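Colleague: Okay, here's the structure, questions in a sec.
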Amino acid sequence: MSDDAAPAPKKKGGKMKLIIMAVGALVLVGGGVAGGMVAAGMGLGGAHAGPKIDPDAPKLVLRAGQSEDPTVAFKPVGSFQPDPRLYKASYYTMEQPFTSNLRDTDGIAQISLGVSTFYDSKVLDNFKDNEMPIRSAVLETLANQDAFALGTPEGKTALQAKLRDSMNKVLVQKTGYGGIDDVYFTNFIIQ
């Protein structure tokens, strides 16, 4: 044998093939994990996650003979007006009347209120437990009213909406849920 024989050429790209296979495996594993998260409803980074449902949240109370409305399954409490033909209302009358001065006048308003909800007893229990801050919010709302506006049917309707919103705001702050759907006047005097 002669020493003149050239050595066999080394195979190039062996390391490159190994790197490509490793990167490909990582891409497949990462894709599988991401796909599993999406299929499990976890989304990517939480950006696509569906609404979280609190199991302790108040539930709508159906009227007898009605079936669940699938369009309201994920609506937060107080974020929409339930259909009164499908859901049963519960009522609560506040025992003490409200007396307040009215804005920019010597007039006063004395009103008595009742509320209703289409949700289960949790809403009215929360309402009763937080009646003191709710009364304060009602008095603050009354003090910002104009006597002339309250003398009109439109003014009274607008006051009902403002009172409902202020009550729900207190409930959300104190309990995490609103749920008061309507406010009713059981007595209404302006002097």
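Taken together, the values in this text are just the output of simple stated rules run on the coordinates, not laboratory data. Computed from a predicted structure; not experimentally measured. Please note: Cβ atoms are built from the backbone with ideal geometry, for glycine as well, and neighbour counts cover all protein chains shown.
Colleague: Hey, with R₀ at 22 Å, roughly what FRET efficiency would residue 186 and residue 140 work out to, going by the Cβ-Cβ distance, to 0.05?
Modeller: FRET efficiency, residue 186 to residue 140: 0.60.
Colleague: Next question. Restricting things to Cα coordinates, could you compute the convex hull volume per residue of segment 136-191 in Å³?
Modeller: Output value, Cα hull per residue: 80 Å³.
Colleague: Would you mind computing the Rg to Rh ratio of segment 70-190 from its alpha-carbon coordinates, Kirkwood style for Rh?
Modeller: On the way: Rg = 14.8 Å, Rh = 14.9 Å.
Result: Rg/Rh = 0.99.
Colleague: Given 59/122; 128/156; 59/174, which pairs have Cα atoms separated by over 20 Å?
Modeller: Beyond 20 Å: 128/156.
Colleague: To make sure I understand, if each residue's beta carbon is the centre and we count other beta carbons within 10 Å, what order do 106, 181, 120, 54 fall in, fewest to most? Numbers along the way, then the final one.
Modeller: Details: 106 8, 181 21, 120 16, 54 11.
By the 10 Å Cβ count, ascending, the order reads 106, 54, 120, 181.
Colleague: List the residues whose amide H sits under 5 Å from the amide H of residue 94, counting only those 5 or more places along or on another chain, with H placed 1.01 Å from N in the peptide plane.
Modeller: Close amide H contacts, sequence-distant or interchain: 113, 114, 115.
Colleague: Using the 10 angstrom Cβ neighbour count as an exposure proxy, how do 167, 132 rank, fewest first?
Modeller: Details: 167 24, 132 8.
Listed from fewest to most nearby Cβ atoms, that is 132, 167.
Colleague: OK, next. Quick one: if you stick a label point 7 Å off each Cα along the C-beta vector at residue 66 and residue 16, how many nm between them?
Modeller: 7.1
Colleague: Can you tell me which aspartates and glutamates have their Cα less than 19 Å from the Cα of residue 88? Leave out same-chain residues fewer than eight positions away.
Modeller: By straight Cα distance, residue 88 reaches 68, 69, 120, 125, 181, 182.
Colleague: While we're here: Return the long-range amide H neighbours of residue 87 (sequence gap of 5 or more, or a different chain), with a cut-off of under 5 Å between placed amide H atoms.
Modeller: Those qualifying (amide H under 5 Å, at least 5 residues apart or on another chain) are 63.
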